[in-house]
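The values are calculated or read from the model by the stated rules, or taken from the named source; none is laboratory data. What you see is a predicted model; the values in this text were computed from it and never measured. Backbone-built Cβ (ideal geometry, glycine too); neighbour counts: all protein chains shown.
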Amino acid sequence: MLALEDGTIFEGRSFGAPKDSLGEVVFNTAITGYQEIFTDPSYSGQIVVLTNPQIGNYGANDDDLESARPYIEGLIVRELSSIASNWRSEEKAEKFLADKGIPVAAEIDTRALVRHLRTRGVMRGILAAQGGDPKLLVERARNSPSMAGLDLATRVSTQSSYAWNQTVQACSPSEPVAAQAEPWCHVVAYDYGIKRNILRRLVHVGARVTVVPAQTTAEDVIALKPDGIFLSNGPGDPEPLQHQAQQVRKLIGKTPIFGICLGHQILGLALGGKTYKLKFGHRGANHPVLNQVTQKVEITSHNHGFAVDPDSLNQSEVELTHINLNDQTLEGFRHRSEPVFCVQYHPEAAPGPHDSHYLFDDFMKLIKDSGRR
Amino acid sequence: MPRRNDIHRVLIIGSGPIVIGQACEFDYSGAQACKALKADGYEVVLINSNPATIMTDPNLADHTYIEPLSVEFAEEVIRIQRPDALLSTVGGQTALNLSVALAEAGVLDRYGVELIGAKVESIKKAEDRLLFKDAMRKIGLDTPQSQLVNNVDDGVAFANRIGYPVILRPSFTMGGSGGGIAYNREELHEILERGLDLSPVHEVLIEESVLGWKEFELEVMRDLADNAIIVCSIENFDPMGVHTGDSITVAPAQTLTDREYQMMRDASLRCLREIGVDTGGSNVQFAINPQDGRMVIVEMNPRVSRSSALASKATGFPIAKIAAKLAVGYRLDEIKNDITKVTPACFEPTLDYVVVKIPRWQFEKFPGAEPVLGTQMKSVGEVMAIGRTFKQALAKGIRSLETGKPAAAEKFDPDLIPKRLITPNPERLGYVRFAFEQGWTLEQIHEITAIDPWFLRQIREMVDLELELGKVSLDTVSREQLLTAKRDGISDTRLGLLWKTGSRAVRKKRCELGITAVFNRVDTCAAEFESFTPYLYSSYESENEAAPSDRKKVMILGSGPNRIGQGIEFDYCCCHASFALQEFGYESIMVNCNPETVSTDYDTSDRLYFEPLTREEVLNIYDVEKPDGVIVQFGGQTPLNLALPLKAAGVPIIGTDPADIDLAEDRKLFGRLLDDLKIPSPPNGSATSADEACAIARRLGFPVLVRPSYVLGGRAMVIAYDEEMVRRYMREAVVFSQDRPVLIDRFLESATEIDVDALADQDGSVLIAGIMEHIEEAGVHSGDSSCVLPPQGLSREILNTIQDYTARLARALHVIGLMNAQYAIKDGEVFVLEVNPRASRTVPYVSKATGVPLPKIAVGLMLGKKLAEFRHLTGDVVSGVLPVSQCFVKSPVFPFAKFPGVDPALGPEMRSTGEVMGVGENFGEAFGKAQLSAGTPLPDSGTVFISVNDHDKAAAVEIAATFADYGFQLAATRGTAALLKAAGLAVKTVFKVNEGRPNAVDLLKAGSLKLVIYTTTGSHSFSDEQAIRRTAVAYRVPCITTISGARASAQAVVSARRDPIRVWSLQEIHKLAANAR
Ligand SMILES: Nc1ncnc2c1ncn2[C@@H]1O[C@H](COP(=O)(O)OP(=O)(O)O)[C@@H](O)[C@H]1O
Ligand SMILES: Nc1ncnc2c1ncn2[C@@H]1O[C@H](COP(=O)(O)OP(=O)(O)O)[C@@H](O)[C@H]1O
Ligand SMILES: [Mg+2]
Ligand SMILES: [Mg+2]
């Protein structure tokens, strides 16, 4: 059973781990890629509703992990497949979640739930595997911590820094994956809840990657002699991450910086901008984003509940480069004088279209050029 | 990049007649394109030979030509209209091929017409299988090994190298015509010869088999700025080896991870860019090896396709409309998404439901054709169902098919299971279910079908649930169990059978338990944004999104899946009903389940319910909408079968009362009515046993015509020449007769058949819209014979009699709206064959010919208006017969080429899939154009082969003479030859098959006969005749099986010599007609 803080109750059948879990209830409209969603650290603190009614069909496999474990607090679907059918599948999706302690509510009218969240906005909820007295459940939902003001990034970040060297693998003998570039530069990646495919993409375009904890100071990063710095995606509200923003402010101008998602928001803060919470966020793999520089539209993968307010940015200092065509939210900007750029969406996809891979090449080019200076 | 202002007039080419592999999905796409361009201020010129289409309505384009889709006639249209551009991508393969032909004939250059949508190079790169493969390899995409051959020996050599089975695919044919799978040398010979012959470029591709791989399709759109999106992914339930058009397909794809799906997405975009389709929609097909994920690209269609229509309906994204806008320069992000209003069309629709498409086949109409499925499309129609889950969608899809028998009542044979599972066939899905019921395991079934385990598991769960439900009864079933059943799509009917209570009891119970259907919206965005378009499907979820209005409203029941005898003509009428309702200030509500049609376009009606046409589903909608009336007389037999049950359930049916409709269908009651009216009909009787039938036949005298009651398209109707035939029929017919008696009529030999469409209002005023004289005599189904407006050979008094009968019948049946009557004229006497108080197959044709919108007026009459109120539409004619200004011939189109080995002789059972219209100043001209459009162009020289039965011989002489006068040589079988010689004609005698060689068949194969006139000698059983007719079809030699048809072709040949190539637009014709009145 799912109980929302506004008192709404949705009945379903429990699968996965037989436990209760609290979180902000959000929905994702991607048709494919549930495993990547489960394991995207940006979902920590959130119970995820998938709008695709048939989930689990192709099971789960190690290659499609975006981190070591699932980070969603709970999963809500219309129907959970009782078998896994795919040549790459290693286990059933349900078992994958059960083993990692994630509860699932299936046979829920997810469309009604999504329409509710769309009109009322995302809200806290409790997924109670055993059910229970609705009133008490609603109470528990109300008493749970709200997303706003919560620093989840440091919670999900790595404790110690490490080197990453896996690259992009083809998923089929017929997938033409461009050869990996020789590692030629050193990128230090801040882990605010980083997705593996970002790291794979960085390695693929020729970076030697060192991942560092969210708390790492600018000085310690400089000490690693990076040719470029990457600011990762991550969960929750950017507002409380003032420490991170300060470090980034110090790093601007030292080396090229590329930020994605939370990284983009932190850059926004570092440049004196403000962030705000979206009513129900952007979570899906079909968002049209206009690249105002090339005037081309990219179909992009999204997962963010907060956004940077373009009016809060000093536009003589930064140039707004990407706009969401659905609701005109800011999806990317770059510094006018310094080698700094970022996007709010997910060019690494996983899940989602590959239209925006070019941004990783842009990052490399930025490093090359600034190297020559 | 906004719209182009350097072009003003755009020529759109339609797809011609409905044929297997190219059906009304192209009316849908063409109509959308016309609307979109016109709305944007372009002047639209349209050419399409199919009168039964919405796109050829005079108000859709500015200049509408119902003319042959041939280079000569298209050039004439271009010469007159001087379009700036030609949009080649919305009229299927036909339009694509004609566009290429026009370009290569230099016509486009000569008149400075720019090809938009796809350029010739791109079309060729995509359509020429070999160029395509090279292009794909160039961009690193995998394709099956293959070689292009233009002779049998090379084919055999290559096959020996790569090993059998091999796939054969002729270049430039649509729907896989002439293709196939060869498992051995003989099959290779047979298929290859046919394929080479059918390919306009005499090339066939022989290809490595990837049978059993997973098959997928992506629908892609791209604009001039190179923005590209995937509208929809489709997964085939039936693995590679079954044509996508014959496969059950599912959207979105169900068994691909994101990585795999994105690999496919990347590949399709690279494909589009390499082929150079710079704007519009394309369809890319892939196969994936379920063992290791190897992916090959099967083909790409650089145009809007059957699958695009499906994808549009499945997602709510109007591919054809947007393709047209992109072709004139718009960018995807400059076009709004109609459904959300706020977001742009430049996004990828996401689904929170599952869509299942199931094809409908009609092998039973083609005795001699093996009901097996392969790489060549055989289905005549399809249904689509939308459900919140796959199970629900599949179950809905199955009942949308209207197979006549509820799934539970189907007969399966345990011994046939392996056979029915191994070789794909129309019954395979049923047998998969049955196999599970019989205890087969998922692994066993997967082993021999290669159907993905995920699909099989879903079906297994459906079977298990029914077994569970079988254990309880209507009284003991729990609310939860019943709800689960409904959520999984099980119908009340099925539950009623399971529990032996009938569906009504089940409905009652579940309503008591508060288990009622709700409606969800198709919104392109999985509810992320608000939907402003009421495009709905039913489910048993928790919230109803229907939001019905409180306006005056009328619900229209559509005609379901296309099938022979009930096709696009009825959808045409339903669409017009909808337009008319809106014009008369009513809200129009459409209910239909056919994804190919215009009626299921979300902007045809105010509200669209994509639902099966069953009592249960229609009542669910009725309960929510509470319309003021329901229209059942436009959708053919499908809604008519629902009329009485609906009326019984308190649904207000408007127009002719269902009881009267029933009276007209019920031969006994109708016979009595005719007696009262003193209107003659062929002597007849009805029987429920073989003996009774024979007794009646003896009384009437042979030959007799036997048939079941209540079917459309002369289903299972035969001419019996003796008792044995009657008995055999009684043994076999029962299945179809659905517990209704078998009807027996005296068969009127060599009688002239007449079709009449009429309008009648509640005061009994009757207006006859058209009296159509058939070319073929009675005995050839009205849907299968050519007919002409105005009638050519009928005396004044006969015409008066027909008018008189029609008017009295309409009044006697209290017809309000449309009525169709068929008469046979034998020795100057007029007999009524049947009366259908409903819209008929000929309504669109008559509307186009007369310029009077019959369905629109009919709707007005149903709403209580009077005929007199429509003077402005009928040009003041309110009684009598509407005049026509030209000669209009409607000719049928047959799918025989798809069913090798089937006897093409025409009979009382309808077998044509579509029709064309020819316009001319004289009959010969109109008939010649119609034949050309129908794909059986008459020769302008060469040898005419004649063989006629005795009572045709007299007529044959005069016809042969005409051909001789125009320089044709004559050949004939002995009897006929003797006769012609006697009449002083030079004629070459030809052996019949059993007489020696070279015989007629040899000559046909050798290509030395250009036209065959071969009338049957009574019962259609002489193998000799069949051999000749079959060969003619196989070798594309026009084959005429009736003497009247022969006479018509003679006149056509004369006209071809005498009259210049000329064309008329409907708009001109209708002006002429108006003046004539
Ligand atoms: N190499 C092959 N091996 C097995 N089946 C094939 C192969 N190529 C095509 N098919 C089957 O034949 C069908 C028709 O082939 P396709 O190339 O799509 O022709 P069409 O132009 O008629 O659509 C496909 O849908 C697929 O099921
Ligand atoms: N008594 C008859 N004599 C000769 N031909 C007939 C007779 N009855 C029907 N037919 C032929 O059979 C065809 C189909 O019969 P019809 O009653 O129109 O069935 P349907 O309901 O399928 O249209 C007619 O078009 C006509 O050509
Ligand atoms: Mg195909
Ligand atoms: Mg008839």
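Please work out which residue is surrounded by the fewest Cβ atoms within 10 Å (Cβ to Cβ), limiting yourself to segment B:102-131 and to residues that are under 15 Å from B:S282 (Cβ atoms) and β-branched (V, I, T).
Among residues in segment B:102-131 that are under 15 Å from B:S282 (Cβ atoms) and β-branched (V, I, T), the one surrounded by the fewest Cβ atoms within 10 Å (Cβ to Cβ) is B:I116.
Do the conditions hold for A:G259, that is, is it more than 14 Å from every other protein chain (Cβ to nearest Cβ) and touching a residue at least 40 places away in the same chain (Cβ under 8 Å)?
So A:G259 fits the description; yes.
Which ones in segment B:100-118 are within 18 Å of B:S305 (Cβ to Cβ) and either in a loop (DSSP other than H, G, I, E, B) or out of contact with any helix residue (DSSP H, G or I) (no Cβ under 7 Å at 6 or more places or on another chain) (or both)?
The answer is B:G117, B:A118.
Return only the number of the condition from (1) surrounded by fewer than 24 Cβ atoms within 10 Å (Cβ to Cβ); (2) modelled with pLDDT under 95; (3) within 16 Å of ligand 3 (Cβ to nearest atom); (4) of a type outside the set (A, V, I, L, M) that B:E370 does not satisfy.
Checking B:E370 against (1) surrounded by fewer than 24 Cβ atoms within 10 Å (Cβ to Cβ); (2) modelled with pLDDT under 95; (3) within 16 Å of ligand 3 (Cβ to nearest atom); (4) of a type outside the set (A, V, I, L, M), the one that fails is (3).
Determine if segment B:306-326 includes at least one residue that is charged (D, E, K, R) and either under 16 Å from B:S247 (Cα atoms) or within 16 Å of ligand 2 (Cβ to nearest atom) (or both).
yes
So, in segment B:418-450, how many residues would count as being within 14 Å of chain A (Cβ to nearest Cβ) and farther than 20 Å from B:G180 by Cα?
Result for segment B:418-450: 5.
Could you list, in sequence order, all residues of segment A:254-297 that are surrounded by 24 or more Cβ atoms within 10 Å (Cβ to Cβ) and not in a strand (DSSP E or B)?
A:P256, A:C261, A:L262, A:G263, A:H264, A:Q265, A:I266, A:L267, A:G268
Of the residues B:A267, B:A309, which is touching a residue at least 40 places away in the same chain (Cβ under 8 Å), more than 9 Å from chain A (Cβ to nearest Cβ) and not in a loop (DSSP other than H, G, I, E, B)?
On the way: B:A267 fails: more than 9 Å from chain A (Cβ to nearest Cβ).
Just one listed residue meets the conditions, B:A309.
Filter segment A:57-72 for residues that are more than 10 Å from chain B (Cβ to nearest Cβ) and surrounded by 24 or more Cβ atoms within 10 Å (Cβ to Cβ) and give the result. Step through it out loud before you land on a result.
Taking segment A:57-72 as the starting set, the residues that turn out to be more than 10 Å from chain B (Cβ to nearest Cβ) are A:62, A:65-72.
The answer is A:E66, A:P70, A:Y71, A:I72.
When the residues of segment B:290-305 are narrowed to those that are at the interface with chain A (Cβ under 8 Å from one of its Cβ atoms) and of a type outside the set (A, V, I, L, M), which ends up surrounded by the fewest Cβ atoms within 10 Å (Cβ to Cβ)?
Ranking the qualifying residues of segment B:290-305, first place goes to B:Q291.
Would you call A:T300 at pLDDT 95 or above, within 12 Å of another protein chain (Cβ to nearest Cβ) and crowded, with 24+ Cβ neighbours inside 10 Å?
Judged against the criteria, A:T300 is a match.
I'd like to know if segment B:205-223 contains one or more residues that are in a helix (DSSP H, G or I) and either more than 30 Å from A:V297 (Cβ to Cβ) or of a type in the set (G, A, S) (or both).
Within segment B:205-223 (the criterion being in a helix (DSSP H, G or I) and either more than 30 Å from A:V297 (Cβ to Cβ) or of a type in the set (G, A, S) (or both)), the answer is no, since none of the residues qualifies.
Return yes or no: is A:Q54 within 18 Å of A:P235 (Cα to Cα), within 12 Å of chain B (Cβ to nearest Cβ), touching a residue at least 24 places away in the same chain (Cβ under 8 Å) and not aromatic (F, W, Y)?
When the stated conditions are applied, A:Q54 does not pass them.
Scan segment B:162-183 and give yes if some residue there is outside any loop (DSSP other than H, G, I, E, B) and more than 15 Å from ligand 1 (Cβ to nearest atom), otherwise no.
No - not one qualifying residue is present in segment B:162-183.
Based on what the data block shows, is B:A324 within 14 Å of chain A (Cβ to nearest Cβ), crowded, with 23+ Cβ neighbours inside 10 Å and either more than 16 Å from ligand 1 (Cβ to nearest atom) or more than 30 Å from A:L290 (Cβ to Cβ) (or both)?
So B:A324 fails the test.
Looking at (1) outside any strand (DSSP E or B); (2) closer than 23 Å to B:W1064 by Cβ, can you tell me which one B:L86 breaks?
(1)
Which residues, taken from segment B:822-853, are near ligand 2 (Cβ under 9 Å from one of its atoms) and among the acidic types (D, E)?
B:E834
Scan B:V788, B:V832 and give me the residue that is within 15 Å of ligand 4 (Cβ to nearest atom), outside any loop (DSSP other than H, G, I, E, B) and crowded, with 16+ Cβ neighbours inside 10 Å. Steps first, please.
Details: B:V788 fails: within 15 Å of ligand 4 (Cβ to nearest atom).
Sole residue among the options that is within 15 Å of ligand 4 (Cβ to nearest atom), outside any loop (DSSP other than H, G, I, E, B) and crowded, with 16+ Cβ neighbours inside 10 Å: B:V832.
Restricting attention to segment B:853-874, report how many residues are in contact with a Ser or Thr (Cβ under 8 Å, 6 or more places away or on another chain) and surrounded by fewer than 24 Cβ atoms within 10 Å (Cβ to Cβ).
Looking only at that region, the number is 4.
Limited to segment B:780-804, what total is found for residues that are farther than 19 Å from B:S1049 by Cβ and within 16 Å of ligand 2 (Cβ to nearest atom)?
Total meeting the criteria: 4.
How many residues are more than 9 Å from every other protein chain (Cβ to nearest Cβ) and of a type in the set (S, T, N, Q) if we restrict to segment A:105-135?
Matching residues across segment A:105-135 total 1.
Do you know which of the residues in segment B:327-359 that are away from every other protein chain (no Cβ under 14 Å), out of contact with any helix residue (DSSP H, G or I) (no Cβ under 8 Å at 6 or more places or on another chain) and at negative phi is farthest from ligand 4 (Cβ to nearest atom)?
From segment B:327-359, those away from every other protein chain (no Cβ under 14 Å) are B:327-329, B:338, B:357-359; that's our starting set.
Now restrict to residues that are out of contact with any helix residue (DSSP H, G or I) (no Cβ under 8 Å at 6 or more places or on another chain): B:327, B:329, B:338.
From the residues that got through so far, the ones that are at negative phi too are B:327, B:338.
Working: B:A327: 42, B:D338: 40 Å.
Filtering first and then ranking leaves B:A327.
Those residues that are away from chain A (no Cβ under 13 Å) and at positive phi, I need them from segment B:502-530; list them, please.
B:G502, B:G514
Taking the criterion of being away from ligand 2 (no atom under 16 Å from the Cβ), touching a residue at least 12 places away in the same chain (Cβ under 8 Å) and within 14 Å of another protein chain (Cβ to nearest Cβ), would at least one residue in segment B:194-207 satisfy it? I'd like the intermediate steps shown before the answer.
To start, the set of residues in segment B:194-207 that are away from ligand 2 (no atom under 16 Å from the Cβ) comprises B:194-207.
Next, from what is left, pick out any that are touching a residue at least 12 places away in the same chain (Cβ under 8 Å): B:194-207.
Filter once more, keeping what is within 14 Å of another protein chain (Cβ to nearest Cβ): none.
For segment B:194-207, residues away from ligand 2 (no atom under 16 Å from the Cβ), touching a residue at least 12 places away in the same chain (Cβ under 8 Å) and within 14 Å of another protein chain (Cβ to nearest Cβ): absent.
Checking the structure you have, find out if any residue of segment A:30-47 is touching a residue at least 60 places away in the same chain (Cβ under 8 Å), in contact with a Ser or Thr (Cβ under 6 Å, 6 or more places away or on another chain) and at the interface with chain B (Cβ under 8 Å from one of its Cβ atoms).
Checked segment A:30-47: at least one residue is touching a residue at least 60 places away in the same chain (Cβ under 8 Å), in contact with a Ser or Thr (Cβ under 6 Å, 6 or more places away or on another chain) and at the interface with chain B (Cβ under 8 Å from one of its Cβ atoms).
Quick test of your reading of the structure: A:P240 fulfils all but one of (1) touching a Phe, Trp or Tyr at 6+ places or on another chain (Cβ under 9 Å); (2) closer than 23 Å to A:Q46 by Cβ; (3) more than 13 Å from every other protein chain (Cβ to nearest Cβ); (4) not in a strand (DSSP E or B). Name the failing condition by number.
If we test A:P240 against (1) touching a Phe, Trp or Tyr at 6+ places or on another chain (Cβ under 9 Å); (2) closer than 23 Å to A:Q46 by Cβ; (3) more than 13 Å from every other protein chain (Cβ to nearest Cβ); (4) not in a strand (DSSP E or B), just (1) comes out false.
Consider segment B:531-550. How many of its residues are within 11 Å of chain A (Cβ to nearest Cβ) and at pLDDT below 95?
1
Among the residues that make up segment A:173-182, is at least one of them among the hydrophobic types (A, V, I, L, M, F, W, C), modelled with pLDDT under 95, in contact with a Gly (Cβ under 9 Å, 6 or more places away or on another chain) and surrounded by fewer than 18 Cβ atoms within 10 Å (Cβ to Cβ)?
yes
Considering only segment B:84-95, I want to know if a residue exists there that is surrounded by fewer than 22 Cβ atoms within 10 Å (Cβ to Cβ) and over 28 Å from the mean Cα position of the chain (by Cα).
Yes, some residue in segment B:84-95 is surrounded by fewer than 22 Cβ atoms within 10 Å (Cβ to Cβ) and over 28 Å from the mean Cα position of the chain (by Cα).
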